[in-house]
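S.K.: My questions will all concern the structure given below.
Computed from the coordinates by the stated procedures, all read-outs in this text should not be read as laboratory data. If you're wondering where the values come from, they're calculated on a predicted model, not measured in any experiment. Cβ placement follows ideal geometry from the backbone for every residue including glycine, while neighbour counts extend to all protein chains displayed.
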Amino acid sequence: MAKKIMLPVLDDRLMLIASMVREGAVPLDVGTDHAYVPIYLIKSGICRRAVASDVNRQPLTNACANAQRFGVFEKIHFCLGNGIRDIHPERYDVTDIIIAGMGGELIAEIIDKSEYTRIPGVRLILQPMSSLQELRGYLAEMGYATITEKLCRAADKYYTCIVCEYDGIQREVPPVRLLVGDVVDDEADPLVNGFLDSTARKLRRKIKGRLEGGLPVVREEEMLRELAEMAAARGHKLSEE
């Protein structure tokens, strides 16, 4: 009987990240925490080796323990450091850089401080917990081309994973597209309608807060109309909740 391979259990959010890593890649997981993604990638045969980093020593210690438990400790380089630049990814021939579990503005700051992210062919796999609009704006302005975006839902919250590479071309992106990205174009994704509803709810709350503060809401109301049009094009009516 073939020996069963033990894999770490990934929730939908982490599984989406893992699915974006190229086969045969050398991934760097920035802010790895428990290192479940690089462990999964190696144990499942997608990658032969990986790099895992964290700015704090205790999470990295936990990550090392997990790698030992799953029998892949020798295949992961563990690095204590802040961001990408401190890790020196060129030493490990890193091809795919994962940055997840933090705000979009911090992700943009980490990218901006690393020349390595601007090497042709190096792929960024980004999953911000907040400030997605700001991150998309940064990527467009600084010359990072989006290859694909995918949605998932975990713990009753929607997450977007952006895969991009640097090509040096600045792009102008409409405000509503900075808000929702390209995931709304996927007609087969059953999560998109709920994502549009969730985005519209947040936008309505923002409009209400700005009105209460005496601030203009023309841009936000226009984006809300465009969200409704996107939903209608899919045969969906935005929830009024």
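S.K.: Enumerate the helices in the chain for which the Kyte-Doolittle hydropathy averages -0.5 or more and the C-alpha atoms extend at least 20 Å along the helix's axis, using complete DSSP H runs.
M.R.: Details: long enough: 192-212 (30 Å, -0.85); 218-233 (23 Å, -0.23).
Both cut-offs are met by 218-233.
S.K.: Then there is this: For a quick check, take a GNM of the chain with Cα springs below 10 Å and name the residue from Leu16, Leu139, Leu203 with the largest mean-square fluctuation.
M.R.: Between Leu16, Leu139, Leu203, it is Leu203 that shows the largest mean-square fluctuation.
S.K.: Straight distance only, please: which aspartates and glutamates reach the Cα of Lys43 with their own Cα at less than 19 Å, same-chain residues fewer than 8 apart left out?
M.R.: Output for Lys43: Asp11, Asp12, Glu23, Asp29, Asp33, Glu74, Asp96.
S.K.: Assuming R0 = 41 Å, can you tell me the calculated FRET efficiency for the pair Ser130 and Glu240, based on Cβ-Cβ distance, to the nearest 0.05? All intermediate terms of the calculation are to be shown ahead of the outcome.
M.R.: Values: r = 25 Å, r/R0 = 0.60.
According to the calculation, E is roughly 0.95.
S.K.: Ranked highest first by the average count of other Cβ atoms within 10 Å around their residues, in what order do 27-36, 114-123 fall? Could the numbers behind the result be given before it?
M.R.: Numbers: 27-36: 24.3, 114-123: 15.1.
In decreasing order of mean packing, 27-36, 114-123 become 27-36, 114-123.
S.K.: Sticking with this structure for a sec: Quote the Stokes-Einstein diffusion coefficient, in whole µm² s⁻¹, for region 1-93, based on the Kirkwood radius over alpha carbon pairs, a temperature of 20 °C and a viscosity of 1.002 mPa s. Please list the in-between numbers first.
M.R.: Details: Rh = 13.3 Å.
Answer from the Stokes-Einstein relation: 162 µm²/s.
S.K.: For Val217 paired with Val55, estimate the spin-label separation in nm (one decimal), with each label point 7 Å from Cα along the Cα-to-Cβ line.
M.R.: 3.5 nm
S.K.: Now a separate question. Using a Förster distance of 51 angstrom, determine the FRET efficiency expected from the C-beta separation of Arg204 and Lys113, and round it to 0.05.
M.R.: So the FRET efficiency works out to roughly 0.90.
S.K.: What residue among Ile42, Ile111, Pro216 has its Cα farthest toward the positive end of the dipole of the chain, where the charges are +1 on Lys, Arg and -1 on Asp, Glu, each on the Cβ?
M.R.: Comparing the listed Cα positions along the dipole, Ile42 ranks first.
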